[in-house]
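The values are calculated or read from the model by the stated rules, or taken from the named source; none is laboratory data. None of these values were measured; they are calculated from a predicted model. Cβ: placed from backbone, ideal geometry, glycine included. Neighbour counts: every protein chain shown.
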């Protein structure tokens with residue numbers, strides 16, 4: 001049975017791009033915690049908190065996460081005071097982008113909730 005775990009700035013091994021990003025927050029469903037590096041198939045939600053890194057999070061990291069089929073990618077955009085939710089990865093892009101403004105909206109944790 002999978003155990004839900006929250007990771008903070010821990011590495012995720014992404015073989016498709018030969019990278020190990022360290023997102024600010026990640027929600028994992030894992031069975032085995034012997035390996036410290038999470039795998040993309042274990043990631044249910046990944047969050048980057050962005051101010052100076054906003055463009056990198058929207059472009060480079062977004063394409064890495066989409067290509068790895070991370071189902072839910074959120075950018076907490078501190079500059080514009082909004083949360084950008086990316087879902088439905090396909091290739092190096094996400095097919096769905098939703099924007100939630102500060103204090104005005106509630107975000108479903110997953111598209112199925």
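Residue 81 passes every criterion in (1) under 12 Å from the mean Cα position of the chain (by Cα); (2) modelled with pLDDT of 90 or more apart from (1). The residues of segment 25-36 that are loosely packed, with under 11 Cβ neighbours inside 10 Å and either closer than 13 Å to residue 73 by Cα or in contact (Cβ under 8 Å) with a residue 12 or more places away in the chain (or both), listed by number, are 31, 33, 36.
Contact map, segment 1-24: first residue closer than 13 Å to residue 42 by Cβ, second residue modelled with pLDDT under 85 and not in a loop (DSSP other than H, G, I, E, B), Cβ cut-off under 7 Å, separation 6 or more or different chains; pairs are 2/30; 3/30; 5/30.
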